[in-house]
Amino acid sequence: MSEPSVASYPVDDTNRVKRLYKRAHYDQATVHALLDSGTLCHVSYVIDGQPYCTPTLYWREGTKLYWHGSSASRMLRNLSEGQPACLTVTHLDSLVLARSAFHHSADYRSVMAFGHARLIEDAPEKARALTMMVDRLFPGRTESLRPTTDQEVKATSVVMMEIEKASAKIRAAGVIDDEEDYALPVYAERIPVRTVLGAPEPDGRLLPGVARPAPLAGFSAGRRLDEALTEAYAASYPAG
């Protein structure tokens, strides 16, 4: 009986991991899980031969990535008509101190996604995207907010990029030294790194009786951010 096929992104010289290729993952499940557990990305593109890299918030729907910004943004003006772009996301999991400078490292999870970005100009599609810009993080929250004004919609642009190619690279090895170096009297360790949520700080001008909505319970003090984001994504997109 044959094994079920695993959906993966195509691999070529653009997204193939060349150094330490055993850390590479091209399957959609791994790539998407790393994307869904983050919220800040960096988008790289070229304008008139000059490279730029812009940090922004993003979200995923299937094999599509979305991000937003001001309508006056140089990035959005130049990624509006099918321009090639690369979106990257990185989770830092630890700092690694080895017995040699060469083997000092970090444990991490990262994704590079490639495609052609286009500006969303269809009004209903843009309205839905602007809703999900909020609801991807806080499921259902838009329904409780003041309606977005026409001027706010005009001032905000949304870009969509179909993921044409992608690769994930994961290091979770801790200390790796040359075998002979383990006999040296040199201290080595792994220092875990976590982004953890702090205690909520209610706005000082809340009206009396306005309580924190129950759906925000997942964003609680002491919880890991990547876990809260993954849970929020699953609530907003139950089909994955």
Show the residue pairs meeting these rules: Cβ distance below 7 Å; 6+ apart or different chains; first residue within the stretch 22-44 and more than 12 Å from Arg60 (Cα to Cα) and in contact (Cβ under 8 Å) with a residue 12 or more places away in the chain; second residue among the β-branched types (Val, Ile, Thr) and part of a loop (DSSP other than H, G, I, E, B). Arg23/Val17; Ala24/Val17; Tyr26/Val11; Asp27/Val6
Those residues of the stretch 114-131 that are farther than 26 Å from Thr14 by Cβ and part of a loop (DSSP other than H, G, I, E, B) come to a total of 2
The number of residues in the stretch 154-177 that are more than 18 Å from Asp107 (Cα to Cα) and not aliphatic (A, V, I, L, M) is 6
Tell me, please, whether a residue that is modelled with pLDDT of 95 or more, surrounded by fewer than 19 Cβ atoms within 10 Å (Cβ to Cβ) and assigned to a strand (DSSP E or B) can be found in the stretch 35-45. yes
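Every residue, every condition in (1) at pLDDT 95 or above; (2) of a type in the set (A, V, I, L, M, F, W, C); (3) in contact with a Pro (Cβ under 7 Å, 6 or more places away or on another chain), yes or no:
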{"site": "Ser2", "(1), (2), (3)": "no, no, no"}
{"site": "Val11", "(1), (2), (3)": "no, yes, no"}
{"site": "Leu20", "(1), (2), (3)": "no, yes, no"}
{"site": "Thr30", "(1), (2), (3)": "yes, no, no"}
{"site": "Ala33", "(1), (2), (3)": "yes, yes, no"}
{"site": "Asp48", "(1), (2), (3)": "no, no, no"}
{"site": "Pro51", "(1), (2), (3)": "no, no, no"}
{"site": "Thr54", "(1), (2), (3)": "no, no, no"}
The stretch 98-133, residues that are surrounded by fewer than 16 Cβ atoms within 10 Å (Cβ to Cβ) and hydrophobic (A, V, I, L, M, F, W, C): Ala101, Phe102, Ala106, Ala123, Ala127
Does the stretch 160-168 contain at least one residue that is in a strand (DSSP E or B), under 22 Å from Glu227 (Cα atoms), under 25 Å from the mean Cα position of the chain (by Cα) and modelled with pLDDT of 95 or more? yes
Please verify whether the stretch 182-194 includes one or more residues that are without any contact (Cβ under 8 Å) to a residue 12 or more places away in the chain and either out of contact with any helix residue (DSSP H, G or I) (no Cβ under 9 Å at 6 or more places or on another chain) or of a type in the set (A, V, I, L, M) (or both). yes
Yes or no: Pro238 in a loop (DSSP other than H, G, I, E, B) and within 20 Å of the chain's Cα centre (by Cα)? yes
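One line per residue, one yes/no per condition, for (1) closer than 20 Å to Thr90 by Cβ; (2) touching a residue at least 24 places away in the same chain (Cβ under 8 Å); (3) aliphatic (A, V, I, L, M); (4) exposed (fewer than 11 other Cβ atoms within 10 Å of the Cβ):
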residue	(1), (2), (3), (4)
Asp203	no, no, no, yes
Leu207	no, no, yes, yes
Ala211	no, no, yes, yes
Leu216	no, yes, yes, no
Ser220	no, no, no, no
Leu225	yes, yes, yes, no
Ala228	yes, yes, yes, no
Ala232	yes, yes, yes, no
Ser236	no, yes, no, no
Conditions (1) modelled with pLDDT under 95; (2) under 21 Å from the mean Cα position of the chain (by Cα); (3) farther than 25 Å from Glu61 by Cβ; number of the one not met by Gly198: (1)
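The values are calculated or read from the model by the stated rules, or taken from the named source; none is laboratory data. Keep in mind that what you see is a predicted model, and the values were worked out from it rather than measured. Note that each Cβ is placed from the backbone with ideal geometry, even for glycine, and that neighbours are counted across all protein chains shown.
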